[in-house]
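Report on the structure given below.
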Amino acid sequence: MKPEKTINENISAVWEILSKHNTPPSACVHSYGCQLNVSDGEKIKDMLLKMGFTLTENYEKADMVIFNTCAVRENAEDRVFGNLGILKRCKEEKPHMIIGICGCMASLEHVTDRINSSYKFVDIVFAPSALDKLPAIVLEKLSGKKRILCPDQYKNGEKIPVWELEQKRDSSFKASVPVMFGCNNFCTYCIVPYVRGRERSRKPENIVNEVKKLVSDGYKEIMLLGQNVNSYGSDLEENIDFPELLERINAIDGDFVIRFMSSHPKDAGRKLIDTIIKCEKIGKHLHLPVQSGSDEILCKMNRRYTIKKYLETIDYARSFIPDFSFTTDIIVGFPNESREDFELTLKLMKQVKYDNIYSFIYSKRSGTKAAEMTDCISDDEKSRRMTELLSLQREISTENYKRFIGRTMRVLVDGKSKKDGFMTGKSSEFVIVEFEGSESLTGSFVNVEITEAKNWAVVGKIKKEI
Ligand code: SAH
Ligand code: SF4
Ligand code: F3S
């Protein structure tokens, strides 16, 4: 049997074909979902550029469109199928257009079955575990094959180093660096472990070398990514955990800020907090998804912590920095969540005083344990609870952000704000800061004296260098 071609051989073979075109074909990659998926999208873009495509944001004009999808909630799936309808019309006018579906939805059998039977204009489908197969798939497609469906390779137990692929970074000063992939936690509502496979950690030296290179290229924010970064290292031969990885990254020379997400509360202990406090480059903020304020619901969710244990972590951090910033994820309307359960969530929010929350109405995902649970709470009641929760959080945020008035915050400038003449950025606490300033400040650190608090941001005046 002929050995399979390497990824680089496939890239070169596509390049040979495309270099004969007068104008190189263009590709549009659209990523949905979490930052890990966005980072996969950047890997896809890197491979496409190396193959000889140009990149465009305009999918109507592109010769190839790839939707890098998310399956975490039903509305994410609906959006993709809706947008596929638009692509179908584009392809009718431009029959040579190649349409690809990848990402988490491509790992789900009900999705691939539906694409197979009802979306015949989709040319290629590949799961996240088959990311490195993209050059081979494009080569086959250019050689005339009609449809290519690349199955999930994790299902065969294979370990493929897709995580060492390079990324074509969308930003020149903020970089995401995946440290681990997959999830072993099986929270009962969540599809991620089914579509992303088991936990796999990248080797620490590969991560450190990547960050060194990014910092020397001028990157100012390094966001370490994983579904649960706190279990980093448990599958590696080397004896290393996430706080130790953070220390190694903090020791890299340069002026940059380190962030990370997500942390599972069952694994975010004192060692993590000590490291955040000790390491000057780590943002003084922790995203600690609680999901619910009710121990009974947490148990049904298989979260494996209690609110008492959760609050211990918060109190420990605030014993060093009294207004240490916390953000969280909350699910409203988990099957049979009672009014009392919901009120425990509101109580927790008032207690912790989160700077921001990301809240979601529970979405049933077939294949998960929670999908089997009976549920007698109506959709209307779930929506009412969501409205109540959001309005409470608005009050909490406005009150919280007042603590910054009069302080000077060091801000990494993201770019222009929606308000004319204003710029926007984030502080070490991950708080949005707006101030009057010029666009040339984008990508640099500035000191801003805070004068006003809103419910989503603080506003201030730029201070001359201190
Ligand atoms: N690994 C991360 C979360 C990844 S998914 C963590 O554990 O923190 C991001 C968020 O989506 C979750 O924190 C949860 O709040 C939400 N989520 C996941 N599955 C969901 C579902 N079935 N319905 C509604 N929200 C869900
Ligand atoms: Fe999903 Fe839970 Fe894993 Fe997060 S930790 S990805 S919520 S199963
Ligand atoms: Fe969505 Fe997959 Fe991320 S399901 S949230 S894109 S890991």
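How would you order 91-99, 186-194 from highest to lowest mean count of nearby Cβ atoms within 10 Å?
Descending packing order for the listed peptides: 186-194, 91-99.
Where does the stretch 7-153 land on Rg/Rh, using Cα atoms and the Kirkwood Rh?
Over the Cα atoms of the stretch 7-153, Rg/Rh equals 0.93.
Would you please give the residues with an amide H less than 5 Å from that of S417, counting only those at least 5 places away or on a separate chain, with H modeled from the backbone geometry?
F422, M423, T424
Give me E9, E77, E312 ranked fewest to most by other Cβ atoms within 10 Å of their Cβ, as a rough exposure proxy.
Lowest to highest Cβ neighbour count: E9, E312, E77.
List the equivalent ellipsoid semi-axes of the stretch 284-403 in whole Å, largest first, each obtained as the square root of 5λ for an eigenvalue λ of the Cα gyration tensor.
26, 17, 11
Quantify how much of the Cα-Cα distance distribution of the chain extends past 42 Å, in percent.
19 percent
Counting other Cβ atoms within 10 Å, which trypsin sites (Lys or Arg not before Pro) in the stretch 159-192 have at most 11 and lie in a DSSP loop?
Listed in order of number, the matching sites are K159.
Please give the length that would be gained between E166 and I361 if that part of the chain were fully extended, namely 0.36 nm times their separation in residues minus their C-alpha to C-alpha distance (nm, one decimal).
The span from E166 to I361 would gain 66.7 nm if fully extended.
Using only DSSP helix segments of four residues or longer, with each worth -39500 (n - 2.57), what per-residue ellipticity at 222 nm results for the chain after dividing by its residue count and rounding to 500?
-11000 deg cm²/dmol
Kindly state, to the nearest 0.05, the FRET efficiency for N239 paired with E381, given R0 = 56 Å and r defined as their beta-carbon distance.
The computed FRET efficiency comes out at 0.70.
Before anything else, pin down the relative contact order of the chain: Cα pairs under 8 Å, at least 6 apart, normalised by residue count, whole percent.
Relative contact order comes out at 10 percent.
Listing R79, R89 from the residue with the fewest other Cβ atoms within 10 Å to the one with the most, what is the order?
R89, R79
Using a simple spin-label model with points 7 Å from Cα along the Cα→Cβ vector, what separation in nm is obtained for D217 and D323?
3.6 nm
Take the cross-link list K168/K461; K278/K308; K45/K454; K266/K353 and give me the ones stretching past 31 Å between alpha-carbons.
Exceeds cut-off: K168/K461; K45/K454.
Two-decimal Rg/Rh of the stretch 325-466 from alpha-carbon positions, Kirkwood Rh?
Over the Cα atoms of the stretch 325-466, Rg/Rh equals 1.12.
For Cα pairs less than 8 Å apart in space and 6+ apart in sequence, what is the mean separation divided by the residue count of the stretch 405-462, i.e. the relative contact order in percent?
Taking the mean separation of contacting Cα pairs over the length of the stretch 405-462, I get 37 percent.
Each value in this text was obtained by applying a stated rule to the coordinates, not by laboratory testing. Here the structure is a predicted model, which is why all the values come from computation and not from measurement. Glycine also receives a Cβ, built like all others from the backbone with ideal geometry; neighbour counts cover every protein chain displayed.
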